[in-house]
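The values are calculated or read from the model by the stated rules, or taken from the named source; none is laboratory data. Predicted, not measured: the structure shown is a model, and the values here were computed from it. Don't worry about glycine lacking a Cβ; one is built from the backbone with ideal geometry, like all the others, and counts go over all protein chains shown.
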Amino acid sequence: MAADMSDADTQYREWMLENLYRAADHFGLIVISEPRHGWLDRSVGALAHRGETNYWLRVVSEDKRWTGGAFWTGNLDSNVFTGLMKPRVLDVYEWEEVRQQRAEVMTVVAGSPCARTDALREVIDLPDRWWAELRRTLEVVATTPTDRVSIPQDLVTERIQQRFGTSVDTDVTAWATVHGDLHWNNLIQPEFGLLDWEMWGTGPAGTDVATLLCYSLLVPSAVEQIQANFGDALDSESGRVAQLYAASRLLRRMDKGDHPDLAQPLLAHANSLL
């Protein structure tokens with residue numbers, strides 16, 4: 001059975017690569033880097049160029065019934081943010097082939113991810129200007145009005161109470177616009193940059209900082225840096241709920257095999273909040 005699953009995964013990855021090269025042909029681009037597969041292989045992306053200019057080409061595949069949500073157009077919709085170090089979507093191409101495919105051509109943010117995975121496992125030394133730019137970015141995002149919804153109250157309540165019990169108070173007292181998936185593989189260094197805007201929209205105030213904190217629990221110095229820069233957001237009542245939501249979300253992913261080494265630190269952190 002395991003061999004069959006492995007074969008199926010390999011075939012799916014090969015199919016996603018075919019979709020990537022089909023999109024490159026459509027846009028008149030030449031792929032120039034090793035393609036990178038996203039979470040659960042639902043997306044694939046690579047550097048590509050046309051003439052003297054490099055772009056990031058990304059293809060995401062989804063069952064058509066799930067393509068009506070805000071996440072489907074999140075990267076394109078995030079063009080509303082200007083003056084931030086983030087990719088800008090320049091062109092989009094969709095087609096249906098078993099599933100719905102969406103290809104996006106984006107500008108390239110210079111630098112490299114702060115970590116190889118979502119979670120931080122090694123000490124990272126980032127300058128003060130990097131942290132200041134992260135704070136400025138989150139402040140701009142938080143105060144940008146939108147009709148997009150990233151994390152509604154019912155999802156907050158469901159996730160937290162499923163994990164920590166129905167007696168936990170999950171009422172969100174402050175809402176803001178959030179990036180929705182702030183982890184170390186989406187953050188760029190040495191100069192600040194922030195990738196993957198699929199999930200942005202309204203959510204509990206403090207969600208982004210809470211998520212980054214939860215993904216940093218294996219590196220105490222990073223936790224201290226986050227608390228030093230964003231203690232005001234974390235210490236608020238909304239920030240406490242946001243941390244419980246982030247912890248419950250990550251623990252749910254760990255149930256499926258993601259980041260098992262984070263489970264105990266996450267449970268200990270959540271218990272300190274309860």
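Among the residues of segment 214-225, is there at least one that is under 16 Å from the mean Cα position of the chain (by Cα) and either under 14 Å from Leu134 (Cα atoms) or modelled with pLDDT under 95 (or both)? The answer is no; no qualifying residue exists.
Screening the candidates Arg99, Arg88 for the property of being of a type in the set (D, E, K, R) and under 21 Å from Glu191 (Cβ atoms) yields one hit, Arg88. Exactly one residue out of Asp118, Asp77 is buried (at least 16 other Cβ atoms within 10 Å of the Cβ), in contact (Cβ under 8 Å) with a residue 12 or more places away in the chain, within 18 Å of the chain's Cα centre (by Cα) and assigned by TED's automatic domain parsing to the domain that holds His183: that is Asp118. Out of Trp131, Trp56, one residue alone is of a type in the set (Phe, Trp, Tyr), part of a helix (DSSP H, G or I) and surrounded by 14 or more Cβ atoms within 10 Å (Cβ to Cβ). It is Trp131.
Taking the conditions exactly as written (outside any helix (DSSP H, G or I) and either within 22 Å of Thr143 (Cα to Cα) or not hydrophobic (A, V, I, L, M, F, W, C) (or both)), does Ser221 satisfy them or not? No; evaluated as a whole, the condition is false for this residue.
Checked against the criterion of being at positive phi and touching a strand residue (DSSP E or B) at 6+ places or on another chain (Cβ under 8 Å), the candidates Gly51, Gly111, Gly45 yield just one match: Gly111.
Selection of strands (runs of 3 or more DSSP E) fully inside segment 156-207 by the criterion of at least 3 residues being under 22 Å from Ala119 (Cβ atoms) returns 187-189. Using the structure shown, decide if Arg159 is in the same structural domain as Leu76 (by TED's automatic domain parsing) and surrounded by 20 or more Cβ atoms within 10 Å (Cβ to Cβ). So Arg159 does not fit the description; no. Among the residues of segment 199-240, those that are more than 22 Å from Leu262 (Cβ to Cβ) and surrounded by 16 or more Cβ atoms within 10 Å (Cβ to Cβ) comprise Trp200, Gly201, Thr202, Ala205, Ser236, Ser238. Looking at Asp196, Asp232, Asp208 in this structure, which one is assigned by TED's automatic domain parsing to the domain that holds Asp118 and more than 17 Å from Ala132 (Cα to Cα)? Just one listed residue meets the conditions, Asp196. When Val219, Val223 are checked against the criterion of being without any contact (Cβ under 8 Å) to a residue 12 or more places away in the chain and among the hydrophobic types (A, V, I, L, M, F, W, C), a single residue qualifies: Val223.
Take the conditions in contact with a helix residue (DSSP H, G or I) (Cβ under 9 Å, 6 or more places away or on another chain) and buried (at least 22 other Cβ atoms within 10 Å of the Cβ) and apply them to Trp175. Does it pass? So Trp175 fails the test. When the residues of segment 95-126 are filtered to those that are small (Gly, Ala, Ser) and in a loop (DSSP other than H, G, I, E, B), the one that is farthest from Tyr215 (Cα to Cα) is Ala110.
One line per residue, one yes/no per condition, for (1) assigned to a loop (DSSP other than H, G, I, E, B); (2) modelled with pLDDT of 95 or more; (3) in contact with a strand residue (DSSP E or B) (Cβ under 9 Å, 6 or more places away or on another chain):
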position	(1), (2), (3)
Ala3	no, no, no
Ala8	no, no, no
Met16	no, yes, yes
Asn19	no, yes, yes
Arg22	no, yes, yes
Asp25	no, yes, no
Ser33	yes, yes, yes
Leu40	no, no, no
